[in-house]
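Structure incoming, see below.
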Amino acid sequence: MKITIEGLSKIYPNGNRAINNINLEIGDGMFGLLGPNGAGKSSLMRILVTLMQPSKGKVTIDGYDLIKNRKEIRQMLGYLPQDFRFFSKLSTYEFLDYAARLAGIKNSKERGQAVDRMLEEVGLFEARDRQANRLSGGMKRRLGIAQALINSPKIIIVDEPTTGLDPEERIRFRNLLSSISTQEVTIILSTHIVGDISSTCKNMALLNKGELAYSGSPDEIVSQANGKVWLIKATESEYLEINEKYPVISTVPTPEGWEIQIVADQINGYYGQNIDPNLEHAYVYFMEKQLNQWSSV
Ligand code: ADP
């Protein structure tokens, strides 16, 4: 499975430029699309699931063109949108049965088996008679994934699935995605939460203000932030200065003043040392670097 995105841009009718000239390749396994709110993640997702056409550029999935071969592409896709809702009073089972019908599983016995199997897989078998729109946030997301999986898609696109979940539900949901992503199934996970990516994704892209700030593996981006993360011991007045000048990751008060973690190429005149970067540091570093590149243009 290979998704090739070339020169992709989207400008909305009101003039908003949501994504700008993106070139990206997405292969097998779990792929993370990371970026702050407004970065253009949902716009890119909506284009990939053929709900919206790009203003410019081209996407192919295993050679199929997203626009010319829309029907074939749709058969390969499962989608869990950000604002997925369950209407009416359908039970969990009934909802998934309905989704299976929409997916074209006509034979009722076959459909029943598929629905039961899927409920087992996402850990909702016990909840099959409960009203779907009254399930907990995490259970709703899992039911959302189940409906996206019901027609055995090759690509599953999941938009901000962990927003609003408590930590336990979030971990459970990430583990579920990991268990689904195999050689045969590509999962594209869009998120603004760094932890969603670090624990699960083999490859990732960083999107900022519609531009691609980075693409590669999470390990690579972290290693590129080597030597860029500093722990500075600062006095009260230095603390205020540093806060103005650098992106601050964390601050801890000490008896002498403050210990501040920042990302920067250099720290001129302050007393500090490099520390090992993690993905959160790398994320802030790359976002900042891209902002600076723009401001210096
Ligand atoms: P993200 O999913 O990363 O939060 P979006 O793709 O939702 O980003 O938004 C990217 C940009 O496009 C934002 O500036 C947003 O305001 C704008 N945008 C999104 N949807 C529309 C729309 N339907 N019409 C106009 N502008 C939009």
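Read-outs: derived from the displayed coordinates by stated rules, not from any lab. No experiment lies behind these values; they were computed from the predicted model shown. All Cβ positions, even for glycine, are placed from backbone atoms using ideal geometry, and neighbour counts span all protein chains on display.
Can you give the net charge of the other residues whose Cβ lies under 13 Å from the Cβ of Gly257, counting K and R as +1 and D and E as -1?
Here the charged neighbours net out to -4.
So, one more: Obtain the nm distance between the two label points defined at Asn175 and Asp116 by a simple spin-label model: each point lies 7 Å from its Cα along the Cα-to-C-beta direction.
Spacing of the two 7 Å Cα→Cβ label points: 2.5 nm.
While we're looking at this one, here's another question. What FRET efficiency do you get for Ser152 and Ser250 if R0 is 35 Å and r is their Cβ-Cβ distance, rounded to the nearest 0.05?
Efficiency, from the Cβ-Cβ distance: 0.20.
Okay, moving on. Which one of Ser136, Ser181, Ser215 has the biggest mean-square fluctuation once the chain is modelled by GNM with Cα springs under 10 Å?
Of Ser136, Ser181, Ser215, the most mobile in the Gaussian network model is Ser136.
If Lys and Arg each add +1 and Asp and Glu each add -1, what is the summed charge of the other residues whose beta carbon sits under 12 Å from the beta carbon of Gly7?
+2
A further question follows. Amide H neighbours of Ile156 under 5 Å, counting only residues 5+ apart in sequence or on other chains, H built in-plane at 1.01 Å?
HN-HN under 5 Å from Ile156: Gly78, Thr186, Ile187, Ile188.
Using θ = phi - 60° and the Karplus relation 6.51 cos²θ - 1.76 cosθ + 1.60, list the HN-Hα couplings for region 56-65 in order, rounded to whole Hz, with x at every Gly or Pro.
The phi angles translate into 8, x, 9, 10, 10, 10, 6, x, 7, 7 Hz.
Pulled fully out, how much extra length does the chain show between Lys106 and Glu168, if you take 0.36 nm times their separation in residues and subtract their Cα-Cα distance?
18.7 nm
Quick one: if you stick a label point 7 Å off each Cα along the C-beta vector at Asp276 and Lys58, how many nm between them?
Rounded to a tenth, the inter-label distance reads 4.4 nm.
In nm, give the distance between the simple-model label positions of Glu241 and Asn292, each being 7 Å from the Cα along the Cα-to-Cβ direction.
1.8 nm
Please list, ordered by chain and number, the residues whose modelled amide H lies under 5 Å from the amide H of Asn208; skip anything fewer than 5 residues away on the same chain.
Distant-sequence amide H within range of Asn208: Ala213.
In terms of Cα to Cα distance under 17 Å, which lysines are near enough to Lys228, apart from those fewer than 8 places away along the same chain?
Lys245, Lys289
Taking the Cα centre of region 1-146 as origin, work out the dipole magnitude from +1 charges on Lys and Arg Cβ and -1 charges on Asp and Glu Cβ, in debye rounded to 20.
My answer is approximately 520 debye.
Explain nothing, just the number: dipole magnitude of the chain about its Cα centre with +1 on each Lys and Arg Cβ and -1 on each Asp and Glu Cβ, in debye rounded to the nearest 20.
Rounded to the nearest 20 debye, it is 1660 debye.
Nearest-5 percent of antiparallel DSSP beta bridges in the chain?
DSSP beta bridges in the chain are roughly 65 percent antiparallel.
Oh, and also: Given a cut-off of 23 Å, name the pairs among Lys2/Lys106; Lys71/Lys154; Lys140/Lys202 whose C-alpha atoms lie farther apart than that in the structure shown.
Over 23 Å apart, Cα to Cα: Lys2/Lys106; Lys140/Lys202.
By the gyration tensor of its Cα atoms, with a ≥ b ≥ c the square roots of the eigenvalues, what is the shape of region 131-231: rounded for a/c under 1.5, prolate for a/b over b/c, or oblate?
Since a/c reaches 1.5 and a/b is larger than b/c, the shape of region 131-231 is classed as prolate.
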